[in-house]
1. Applying the selection to the range 136-176, what residues are assigned to a loop (DSSP other than H, G, I, E, B) and either touching a residue at least 40 places away in the same chain (Cβ under 8 Å) or within 30 Å of L9 (Cα to Cα) (or both)?
2. Being at pLDDT below 95, more than 19 Å from the chain's Cα centre (by Cα) and surrounded by 15 or more Cβ atoms within 10 Å (Cβ to Cβ) narrows it down to one residue among L84, L9, L89, L80; which is it?
3. Please pick out the residue among L195, L173, L188 that is at pLDDT 95 or above, of a type outside the set (S, T, Y), loosely packed, with under 14 Cβ neighbours inside 10 Å and at negative phi.
4. Could you check how many residues of the range 247-272 are surrounded by 14 or more Cβ atoms within 10 Å (Cβ to Cβ) and assigned to a loop (DSSP other than H, G, I, E, B)?
5. Being of a type in the set (V, I, T) and exposed (fewer than 15 other Cβ atoms within 10 Å of the Cβ) is the filter here, so list the residues in the range 116-135 that pass it.
6. Regarding L9, is this residue outside the structural domain of T153 (by TED's automatic domain parsing), touching a residue at least 24 places away in the same chain (Cβ under 8 Å) and not in a helix (DSSP H, G or I)?
7. Being touching a residue at least 12 places away in the same chain (Cβ under 8 Å) and over 28 Å from the mean Cα position of the chain (by Cα) is the filter; apply it to the range 231-240 and report the residue that is surrounded by the fewest Cβ atoms within 10 Å (Cβ to Cβ).
8. Consider the range 191-230. How many of its residues are assigned to a helix (DSSP H, G or I) and either without any contact (Cβ under 8 Å) to a residue 24 or more places away in the chain or polar (S, T, N, Q) (or both)?
Amino acid sequence: MDLNGDSSLLQGVKIVSLALNAPGPVAAARLTKLGANVTKVEPPGGDPTRNAAPGWYESLCRGQTVLRLNLKDPNERKQLDGLLANADLLLASFRPSALQRLGLDWESLHTRYPRLCFVGIIGHPHPQEERTGHDLTYQGDFGLLRPPEMPATLFVDLAGAERAVSMALALLLRVARSGVAGCSWVSLYECARDLTEPVKAGLTKAGGLLGGGYPLYGFYQANDGWIAVAALEPHFANRLLLELNLSNADRTELERIFLQRSAAAWESWAAEHDLPLVAVRQAG
């Protein structure tokens, strides 16, 4: 039974999110889909994503309660305290110093709400947790960029969101088993570092097995665009070569053959033969 979309998995779990922009709201949206009751608290000016990408913002907030509170105002701060008193987990994306100024550092939280778990999304790990950064700078730090081309998506932010979800689930499981709440910091810098592991292992570096070195894993021009071929496993490789009437994976011959049809035609052909090949499309 596939439980990926089961909204009862976290039924009864109450989460308060102070996270803005991308990683935190993506994590909160995932937890919402799993059934958690999520209340998102935004500053008076709202989440910047609402103006930058309104459709995505609405999608990320779907199924949540969204409140705008000025946490420096004592009366509005009481509303947050009331939410935290009944919550199982707080998700935040502030630097530790900002949380401390608001009295939301882990020590203060744990004293007031001993069963409340905490997941904080930050840029850099200790001892540089106050250092600023964004998806672009983390990728740049680890050689994942090819200037001047911008990244196709927010790779590090989205990886950080999934890591925040996994840490939230781990903390919720522990508190359910032992009654001991915990705190975890998710560093986006460390997520970017981990994304480089395939490069460091030689798999995706230029000329590596998955970096252009294997003729049956890469891009080829069709007569109207590009296709992506990923016949990595031997049974796929053998079937592809058999169907193309080739005795070996000769790149020059593959280039010649793939130029003979459109990208869509090759994709349909691959689907008929159960082969991992698709037309390359533009996102958005």
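The values are calculated or read from the model by the stated rules, or taken from the named source; none is laboratory data. Note that the structure is a prediction, hence the values are computed from the model and not measured. Using ideal geometry, Cβ is built from the backbone for each residue, glycine included, and neighbour counts are taken over all protein chains shown.
1. The initial filter retains those residues of the range 136-176 that are assigned to a loop (DSSP other than H, G, I, E, B), namely 142-145, 147-148, 150-154.
Those that are assigned to a loop (DSSP other than H, G, I, E, B) and either touching a residue at least 40 places away in the same chain (Cβ under 8 Å) or within 30 Å of L9 (Cα to Cα) (or both): F142, G143, L144, A152, T153, L154.
2. Working: L84 fails: at pLDDT below 95; L89 fails: at pLDDT below 95; L80 fails: at pLDDT below 95.
Criteria check complete, one pass: L9.
3. Values: L195 fails: loosely packed, with under 14 Cβ neighbours inside 10 Å; L188 fails: loosely packed, with under 14 Cβ neighbours inside 10 Å.
Going through L195, L173, L188 in turn, just one is at pLDDT 95 or above, of a type outside the set (S, T, Y), loosely packed, with under 14 Cβ neighbours inside 10 Å and at negative phi: L173.
4. Residues that pass the stated criteria total 3.
5. T132
6. Answer is yes for this residue.
7. Among residues in the range 231-240 that are touching a residue at least 12 places away in the same chain (Cβ under 8 Å) and over 28 Å from the mean Cα position of the chain (by Cα), the one surrounded by the fewest Cβ atoms within 10 Å (Cβ to Cβ) is R239.
8. Total satisfying the criteria: 8.
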